[in-house]
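Here's the structure, in structure tokens; my notes come after.
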Amino acid sequence: MGAIAVAMVAICMQRQTARAQATLNHLAKMEFDQDFLHAKKTFLEIEANGELIKYADRSSAHTKNARYIRLYLNHFELVSLGIQHKIIDYDIFKRWNRKTVQLVWTAAWPFVNKLRKEFHNDQLFVEFEELAKEFGSGKRRRFR
């Protein structure tokens, strides 16, 4: 019985280590991924100019800037899903990106809200929204 308990603990620790490693690898990759960095830069420049919401229109949806905005926001959507499925470590990601997630969501909310209405899809960026709300609440609810 004791050997089984030791094996179970070892398996859990191995999974936790693998998740932490995957998270650190992801964070490091994003620091050098040129497409992601360009999307981030584009998002920040457009947001600083107060023009983010105009790229949520159907007529602008296929522009290069709109694609970069969605690429940047999709990053947070995918991270949220990774955390929910225990592929990405919640605590490490939160410590590294908590404020960024909150600031980007706050800036992106008008864009996302208009995009949802424009395309009649309330599920657009819903995972990112949940992650930002959770990081802002200070309590761990959905992402256990």
Being more than 25 Å from LEU24 (Cβ to Cβ), among the charged types (D, E, K, R) and in contact (Cβ under 8 Å) with a residue 12 or more places away in the chain, is that true of even one residue in segment 85-105?
-> no
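Filter segment 64-84 down to the residues that are more than 14 Å from the chain's Cα centre (by Cα) and crowded, with 19+ Cβ neighbours inside 10 Å and list them by number. Spell out how you get there, then give the answer.
Applying the first criterion (more than 14 Å from the chain's Cα centre (by Cα)) to segment 64-84 yields 64-68.
Selection gives ALA66, TYR68.
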Surrounded by fewer than 18 Cβ atoms within 10 Å (Cβ to Cβ), under 20 Å from ALA132 (Cα atoms) and at pLDDT below 95: does that describe ARG15?
-> no
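Give ALA61, ALA28, ALA48, ALA56 a once-over and let me know the one that is under 17 Å from the mean Cα position of the chain (by Cα) and over 21 Å from GLY136 (Cα atoms). Please lay out each step first, then the result.
Details: ALA61 fails: under 17 Å from the mean Cα position of the chain (by Cα); ALA48 fails: under 17 Å from the mean Cα position of the chain (by Cα); ALA56 fails: under 17 Å from the mean Cα position of the chain (by Cα).
Just one listed residue meets the conditions, ALA28.
Going by the structure shown, is LYS86 charged (D, E, K, R), in contact with a His (Cβ under 9 Å, 6 or more places away or on another chain) and either outside any helix (DSSP H, G or I) or under 20 Å from GLU129 (Cβ atoms) (or both)?
Details: charged (D, E, K, R): yes; in contact with a His (Cβ under 9 Å, 6 or more places away or on another chain): no; either outside any helix (DSSP H, G or I) or under 20 Å from GLU129 (Cβ atoms) (or both): yes.
So LYS86 does not fit the description; no.
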Residues of segment 22-67 satisfying the condition of being part of a helix (DSSP H, G or I) and among the β-branched types (Val, Ile, Thr) | THR23, THR42, ILE46, ILE53
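Only one residue in ALA22, ALA48 is at pLDDT 85 or above and of a type in the set (Gly, Ala, Ser). Which one?
Values: ALA22 fails: at pLDDT 85 or above.
It is ALA48.
The values are calculated or read from the model by the stated rules, or taken from the named source; none is laboratory data. As the structure is a prediction and not an experimental result, all values here were calculated from the model. When we count neighbours, we look across all protein chains shown, and the Cβ atoms used for this are built from the backbone with ideal geometry, even at glycine.
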